[in-house]
Structure formats: structure tokens, C-alpha cells
Amino acid sequence: MEASPQNNLLAQAPLTHTPKQKQAGGPPVVKNTPGSHNYTAHAKDKVPQRASVLNKFLQDDISDRAVLSLDDFATLILDLPPDWRIKEDFSLLPESEVVRETFEAYLTAAIGATEGEGKGKKKGKAAAVREKELYQPLANLLNSLRDGKGRHMKKDIDEKIFYVQDPRPLLGSLLERKPDLGAIYIQLLELTKNAKLSKYLGKNKIAGVFWGLLLFFVEVKHEKGRFIGLNITKEGSSYRVQSGPLPSIRHSGSASTPPASATTSFGDENRPRVTIHQSGGKEKLLEVGSSQEYALRAEEELKEERLLTPTQGQHRTRIQCASYAKEMLSNGFIRNHAIGILADDDGFRFHYYDRSKVVESEAFNILDDEWKKLFMAMVCQLNKLSSEKLGFIPNLHLDKYDHLRDPEQFSQQFANDPQGLVGAHYSFKGSDGVVHIVVIEQVLYRAEGIIGRCSVVVEVTCICQDSGCKWNGERKIMKISFPSKSRPSEEGLIYDARSKAESSSEHWALNHLPKVIDSITLPYHEKETVQGRLKTHLKDKYEERVMRVTILEKLQPLSELEDPREFAQVFYDVLQIHQWLYECVGILHRDLSSGNIMFRRKDDKIYGVLNDFDLSSRVADMDKGPTSNQRTGTRPFMSRDLLCPTWNGGHLYRHDLESLFYIILCLACRYERPNVPVPEPRPYASWFRGTDQDVFNDKSTFLSEFLPGGLPVQPYFTHFRTWLHLIYRFVSAGYKARPSLEVESEIANYDPATLLALRDSLQDPELEEFDWSTLNGRVTYLTFRRIMSSFQAQPLETRWLSGNLRQ
């Protein structure tokens with residue numbers, strides 16, 4: 001083993017450069033999602049979400065939406081048979097009294113409210129009351145469309161019921177969200193007699209629903225169709241619908257972004273409460289606001305909404321609907337997609353959200369008989385869809401929900417978090433041919449977002465009892481994600497790395513790599529799934545994804561370390577394995593974060609492990625462009641370049657080194673000791689709360705300013721101060737030395753002979769060649785290795801004699 005060099009950097013000779021990445025001028029950085037920018041639960045660094053940050057992600061998702069005709073939406077997404085008009089199941093007979101009465105009641109409420117607006121009441125208050133008056137008539141209408149003859153509800157386990165959710169928010173997310181109407185399985189209420197159900201739904205709000213139970217949502221507006229691109233006007237005794245092209249949502253302005261709902265205390269000591277018992281013995285108390293509190297807040301929101309222009313209103317409404325879908329996909333049970341309906345008086349539009357695309361139907365109105373018939377058939381079909389066709393992933397068995405069937409469940413204590421995954425069973429057929437059954441013990445991480453791989457990481461125990469199962473009774477990690485079909489699998493990358501270590505006698509590397517137990521990939525079949533049908537229809541405009549289930553060896557997170565020297569050894573190990581992967585295996589990790597740095601103990605020794613290869617790429621393939629429309633990285637730890645909106649140089653090796661610096665910096669400055677955060681305001685808080693632009697601005701300032709007080713390293717981590725100070729100097733100097741992107745672009749267009757003459761005659765530093773891949777040799781593996789190879793003036797264990805050091 002090579003002796004570790006000392007940290008006398010300033011007196012050393014010029015440093016050897018990290019080998020240049022082949023795509024130095026390569027693929028542009030593209031879209032981002034909360035899923036790619038969140039940090040895992042291992043980081044123990046959670047902060048409240050900000051509505052402005054979430055809305056930025058949602059705006060990115062909806063900006064690339066697809067708009068389908070209503071017929072295409074019905075057949076492609078709802079799987080309505082193309083010949084539904086001649087099928088008996090969909091012969092919506094006009095003599096169906098239930099359907100006719102509920103339609104008349106809803107149209108009377110919608111048109112009547114529109115006609116009478118502003119008479120005898122203040123405009124804002126009237127609008128708030130009248131929109132609410134549409135909720136129950138619309139719920140009654142949707143519930144009447146059970147089948148072709150408007151038959152009453154049956155007692156089937158999968159019978160669905162629409163109910164009024166507003167004004168109470170759904171449980172299970174950090175930001176308050178309250179869709180106007182929701183749909184759940186009727187069995188969850190244990191109310192199957194129509195008279196009792198009708199009475200209950202008409203007089204009560206269902207308060208105990210969390211996102212996992214919501215099947216689809218309905219958002220209601222009272223804007224004469226303006227907020228969906230329709231305008232309904234009265235001409236004599238009839239109504240005329242004016243329809244224009246769907247407006248662009250690229251609108252900027254404060255009014256176009258929905259504000260965060262402030263949590264206000266009205267001093268209601270008797271408001272309902274529920275205690276949530278979480279893993280590890282932790283508890284949290286959720287308060288449910290009073291009806292008066294929610295009513296006052298809803299009135300203020302609707303007053304504000306009335307001031308919006310139609311374009312602003314459509315933008316805000318799209319964001320609002322997308323936020324509900326995001327919660328269903330991120331904070332409910334594990335789902336492939338979510339569906340919603342938007343009603344604006346007589347105007348309607350269907351919405352669909354999956355991991356690749358946001359899709360809308362064209363706006364339509366139910367005053368037109370043909371649109372009305374299709375709308376009725378679509379709602380009937382929606383009520384017939386199985387849980388899998390509603391987006392719930394197959395083989396996830398949720399059989400422990402007796403406590404959810406009581407409408408008064410706020411008087412009870414939940415056994416687990418409202419997200420409900422703990423205790424659920426998942427089954428899959430492994431590569432060994434054995435059907436494994438695992439029980440979810442703990443949720444370690446759930447990505448927030450709509451579009452992207454959106455991983456769910458849980459700790460599981462195998463309970464299959466099959467004699468062929470080699471890990472029955474053992475705890476493992478299960479990751480369910482939705483990566484691009486073209487992206488190399490995590491299993492394949494890890495297999496390549498471990499095989500290289502074994503074949504080249506670099507067995508040390510095995511201690512620092514994760515171990516995959518099994519992995520299965522489930523594609524979306526072209527005709528059987530909505531994703532397959534959308535790919536066929538939208539072609540290149542739809543990113544084809546797969547669902548991948550990976551079972552991995554359980555590792556320990558950084559949060560379980562206590563000794564600063566052990567932290568240092570883990571970070572140094574990760575630096576070495578990261579370089580080995582790049583130099584010897586040709587893999588660039590591209591997502592260093594506090595949650596992806598883990599460790600294992602063997603023979604009383606600690607080994608840092610670089611985990612999570614979901615966003616990793618083979619270096620040889622990076623010249624070919626991005627494999628997914630998703631920017632890679634975890635925002636608080638992303639390099640300044642990758643947050644820059646004008647950066648088009650791709651993901652470089654040095655960007656991962658910069659991420660490692662930010663990980664160590666946040667540990668040493670944001671914690672008094674392991675798992676004990678410093679009091680607010682914590683250093684670098686905006687990196688965890690801001691948008692890409694916010695974090696880019698803050699990091700640009702951070703790397704360019706003089707730090708008279710030094711870095712705010714906490715006393716417990718004081719021995720990291722030398723590391724951080726030296727790395728900061730190199731990274732900061734590298735960014736300060738480089739020419740602007742505009743100058744670099746201009747120089748690239750110069751004639752080579754002219755450029756040479758200018759360099760000789762002008763001696764302009766900006767005309768000199770600049771090594772962008774290492775910031776002119778300042779940010780390299782060798783630089784970091786020299787700094788990090790010792791701690792507290794004592795050498796750490798060096799695992800690998802790197803190729804750079806042999807030169």
C-alpha cells in the first residue's frame with residue numbers, strides 16, 4: 001500500500017490532470033424534476049417544501065404536455081372500445097331517470113350560478129359560495145354514471161364513489177392540497193346502502209382520506225369555461241360555446257403561480273387531531289383545521305382567482321391539477337400514472353400524468369349532445385377501470401386497511417404513516433424462478449415529482465417460505481423506479497464494476513460497491529397498457545420507460561456514523577472508488593449526494609460504499625447524447641455548472657468532485673454533531689429550498705466571495721476545516737480563472753491562424769486555451785486525494801494505487 005502524501009499542497013509541483021472526459025463539449029443539460037433533485041431520508045436534512053419550488057418543477061412538466069382529441073384520450077388512456085357507441089354496455093339511454101335528473105341538477109346549478117352572478121351579493125363572496133354549490137351536484141352526476149342504465153351502486157369491492165373533499169386537505173404531504181372532489185373505493189366507508197351513503201355524502205366531509213386512497217381527482221371552477229379555453233355565453237334562450245386554441249402556459253408573473261397555503265391557527269383547541277406512529281418509535285401530531293378556518297381560506301383563494309386573466313387562470317389551474325397528481329404519485333401508494341377531471345361550469349377537460357408525459361384532452365362542453373354522450377361513456381369507463389389500469393403497480397398487496405374504513409377515523413391512531421406502505425406485501429418472480437413475497441418494513445426514500453425515474457426505496461423482509469429462496473427472513477433493500485428504457489440498468493453497471501474488480505484482481509473495490517441480489521424489468525406492453533399505447537401514438541414525443549424492481553444488500557447510511565474520523569475514511573473511500581469506476585470501468589456516477597454515500601462494516605473495519613447507480617452513465621456512451629430528458633444530480637450537492645441555465649458542456653468528471661465537496665461542507669456546517677442539526681437559520685439553507693436558479697445564484701456568490709470569517713464549520717467537525725478550506729480554494733480559483741461561456745463560444749469560431757496571431761500579439765488571457773474539464777488543473781482527483789488522504793494529521797487508509805499516481 002502506498003504511503004499517504006502529506007497535505008503540503010501549496011508547495012507542490014503542478015498537478016497531473018484528470019483524464020479528459022470524451023464529451024467535454026457534449027450533450028446539453030436538459031429537463032429536471034423533483035425526483036432527480038431530492039435528497040434521501042438518509043441525509044436527515046429534510047426541510048419544508050416551498051410551493052414556489054414545487055411549482056417550478058410542475059411548470060417544467062406541463063410545458064411539454066401533449067393534447068389529445070377527446071376520442072383519442074378515451075381510447076388510448078381510458079381504454080374505451082373504439083366501437084363503444086354500438087356496444088350495449090355503453091348505450092346511455094335517455095330514459096335513464098337517474099342520469100337525466102343528475103344532469104339537469106348539475107346544469108341548473110352551473111348555468112344558474114353563471115347567470116345570477118353578482119346579484120345581491122359581493123362579487124368575491126358570491127363566487128366562493130357558488131363554486132362550492134357545484135360540488136355536490138357534480139358528485140351526484142358522476143356517481144350516477146355507473147353503467148348504461150344508471151343503476152344504483154353495487155356492493156362490489158372495487159365499486160368507486162365520488163365525494164366532496166374540499167375544504168379539508170388530504171393527508172400525507174408537506175404542502176396542503178385539497179382537490180374539490182375525490183374518488184375512493186366505496187368499501188373504505190363500509191357504507192353500501194344507498195340511502196345511508198347518499199345521506200352521509202350529502203352532509204359530511206370525508207376527512208380521513210390520504211393520497212394513497214385517492215383513485216382520481218376532480219377540480220371545479222366557476223369561470224364560464226374561461227379557465228379551460230372555453231367561453232360559454234347566453235344567446236336568447238340557448239347557450240353558445242366559444243372555443244379558441246389552447247393558450248400557451250408560458251406566462252410569467254406573480255399572479256400565475258399559486259401561492260403556498262399558509263397554515264393559520266384560529267385557536268380552536270377542540271379541532272380534530274390524529275397521532276401518527278412512525279418507525280423508530282417516533283410520533284407526529286396532525287391537526288385538522290375547523291370548517292370555519294377552511295371556509296375563510298377558500299373564500300380568500302377564490303377572491304384572488306377572480307382577478308386572474310383567462311391565460312393566467314389556465315396556467316394556474318394546470319399547475320393546481322398537476323400538484324394533485326404529483327401528490328398521488330409521490331405520497332400515495334406506488335403508481336405508474338394518475339388521472340383527473342377539470343370542470344369549469346359546462347366545460348370539461350380530462351388530465352393524465354405518468355412518468356414520461358403530461359397529457360390533456362381537448363376542452364369540451366356538455367351542452368353539445370355528442371360531447372355529452374362521450375363524456376358519459378368516459379366516466380362510465382373510468383368507474384370500470386381496475387386498480388392496475390388506474391395506475392397502481394401490480395403485485396403490491398394492501399391488505400391491512402381495516403382502520404381506514406371508518407369515516408370517523410380521526411378519533412383513532414394510525415398504526416403507521418398515512419402513506420400506508422409499511423406492512424404492505426409485494427410479490428415478484430425473481431431471476432431464480434422463485435416467486436418471492438416481501439413485506440415492507442420501512443420507507444427509506446420517496447422521490448417527489450411526476451416525470452422522471454421517481455424511485456421508491458424501502459427496507460423489506462422476505463417472507464416467501466419457498467425452499468428455493470436463498471434470503472428468506474433476511475432484510476434487504478428494494479428499489480422500485482421508472483427509468484428510461486434506453487438508460488443502462490443499475491444492475492448492469494454494478495455487475496460490470498464487480499466483474500472488473502474480480503477479473504483484474506482489484507478485489508479491494510468490492511468492499512466499496514453495492515451488491516445486487518436480484519433485478520427484474522417490467523416493460524409496458526404496447527396494446528395492454530396506457531403507456532404502450534401512448535408510445536405508439538406519440539412516437540418520439542413520448543419517452544419510453546420501464547418499471548424496474550431491484551433487490552440490494554442492506555447498507556448503513558451516513559446518519560449511523562458517530563466518529564468524525566470514520567466519516568473522513570468513508571469520504572476518502574468514496575473518492576477512490578469513484579475514480580476507479582471512471583478510470584478502470586468507464587462509469588461516471590453523476591449523482592453524488594449524502595444519501596448515496598453509505599458504508600458497511602467487515603471484520604471491525606469500516607468501508608465507504610458508493611451507492612445508487614440509477615443516473616450513472618458509461619463514459620464511452622456519453623458522446624451520444626442524454627439517455628433521458630432529465631438533468632442528473634441532487635440539487636443541494638449539484639455543481640454550479642449543472643445548475644446554470646446556459647451551461648451546455650454536459651456532465652463532467654469534476655462536477656462529481658464538486659458535489660463531494662458540498663456533501664462534506666453541509667455535514668460539517670449544518671450539524672452540531674451527527675443527526676443534531678444546528679439551530680435555524682442553518683447555513684446554506686437555500687440550497688435545500690430554492691429553485692435551480694436560486695441555488696445557482698447562491699453557489700456563484702459562495703464561490704466568488706472572500707470569506708472573512710471562514711466556513712461555518714461546527715466544533716464537532718472542526719478537523720474537516722483543513723479539507724474544506726483547501727478544496728474551496730481550488731474550486732473557487734478554478735471558476736474565477738475561466739473565461740466566460742460567451743467568450744469561449746466566440747473563440748471557438750475564430751480561424752486557427754488568426755487565433756494564433758492574436759495570442760502572440762495581444763497576450764490576452766481570455767484567448768489562452770482553457771481546460772474546462774479540470775478548471776485548468778485545479779479540480780482533479782489528484783488534488784482531492786492529496787487533501788483527503790489524511791485526517792487529524794494522521795494518514796487514512798488508502799485502498800487503491802490510482803493510475804494517475806503511478807505516472
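Per-residue answers, yes or no, for (1) more than 12 Å from Asn383 (Cβ to Cβ); (2) assigned to a loop (DSSP other than H, G, I, E, B); (3) modelled with pLDDT of 55 or more:
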{"site": "Ala139", "(1), (2), (3)": "yes, no, yes"}
{"site": "Arg151", "(1), (2), (3)": "no, yes, no"}
{"site": "Ile157", "(1), (2), (3)": "yes, yes, no"}
{"site": "Tyr163", "(1), (2), (3)": "yes, no, yes"}
{"site": "Glu176", "(1), (2), (3)": "yes, yes, yes"}
{"site": "Gln187", "(1), (2), (3)": "yes, no, yes"}
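Of all residue pairs spaced 6 or more apart or on separate chains, none has beta-carbon atoms under 9 Å together with a first member in region 698-721 that is closer than 16 Å to Pro679 by Cα and a second member that is loosely packed, with under 11 Cβ neighbours inside 10 Å and of a type outside the set (Val, Ile, Thr). The one condition from (1) modelled with pLDDT under 90; (2) more than 17 Å from Leu342 (Cβ to Cβ); (3) not in a loop (DSSP other than H, G, I, E, B) that Asp147 does not meet is (3).
Restricting attention to region 358-376, the residues being outside any helix (DSSP H, G or I) and open to solvent by less than 10 Å² (accessible area, probe 1.4 Å) number 6.
If we scan region 490-499, do we find a residue that is in contact (Cβ under 8 Å) with a residue 60 or more places away in the chain, in contact with a helix residue (DSSP H, G or I) (Cβ under 9 Å, 6 or more places away or on another chain) and buried (at least 21 other Cβ atoms within 10 Å of the Cβ)?
Looking for residues that are in contact (Cβ under 8 Å) with a residue 60 or more places away in the chain, in contact with a helix residue (DSSP H, G or I) (Cβ under 9 Å, 6 or more places away or on another chain) and buried (at least 21 other Cβ atoms within 10 Å of the Cβ), one finds at least one in region 490-499, hence yes.
Residue by residue through region 536-549, note down the ones that are open to solvent by 30 Å² or more (accessible area, probe 1.4 Å) and within 14 Å of Leu68 (Cβ to Cβ). Thr536, His537, Lys539, Lys541, listed by residue number.
Checked across region 399-418, the condition of being surrounded by fewer than 16 Cβ atoms within 10 Å (Cβ to Cβ) and at pLDDT 85 or above holds for no residue. Entry remark, region 513-561: residues being part of a loop (DSSP other than H, G, I, E, B) and touching a Lys or Arg at 6+ places or on another chain (Cβ under 8 Å) number 11 in total. Quick one: would you say Pro752 is open to solvent by 70 Å² or more (accessible area, probe 1.4 Å) and modelled with pLDDT under 90? Yes, satisfied.
Quick grid of which residues meet (1) small (Gly, Ala, Ser); (2) more than 29 Å from Arg601 (Cβ to Cβ); (3) within 28 Å of the chain's Cα centre (by Cα):
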| residue | (1), (2), (3) |
| --- | --- |
| Pro488 | no, yes, yes |
| Arg498 | no, no, no |
| Ala501 | yes, no, no |
| Val549 | no, no, yes |
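Every residue, every condition in (1) surrounded by 15 or more Cβ atoms within 10 Å (Cβ to Cβ); (2) at pLDDT below 95; (3) in a loop (DSSP other than H, G, I, E, B); (4) in contact with a Ser or Thr (Cβ under 6 Å, 6 or more places away or on another chain), yes or no:
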site: Gly709; (1), (2), (3), (4): no, yes, yes, no
site: Phe730; (1), (2), (3), (4): yes, no, no, yes
site: Glu742; (1), (2), (3), (4): no, yes, no, no
site: Arg785; (1), (2), (3), (4): yes, no, no, no
site: Arg799; (1), (2), (3), (4): yes, no, yes, no
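Here Leu510 clears all of (1) at pLDDT 95 or above; (2) closer than 22 Å to Met547 by Cβ; (3) outside any strand (DSSP E or B) except the condition numbered (2).
The values are calculated or read from the model by the stated rules, or taken from the named source; none is laboratory data. Model, not experiment: these values are computed from the prediction. Cβ sites come from the backbone with ideal geometry, for glycine too, and all protein chains shown count toward neighbours. Areas reflect the complete protein model, heavy atoms only, side chains present, ligands, DNA and RNA absent. Shrake-Rupley method; radii C 1.70, N 1.55, O 1.52, S 1.80 Å.
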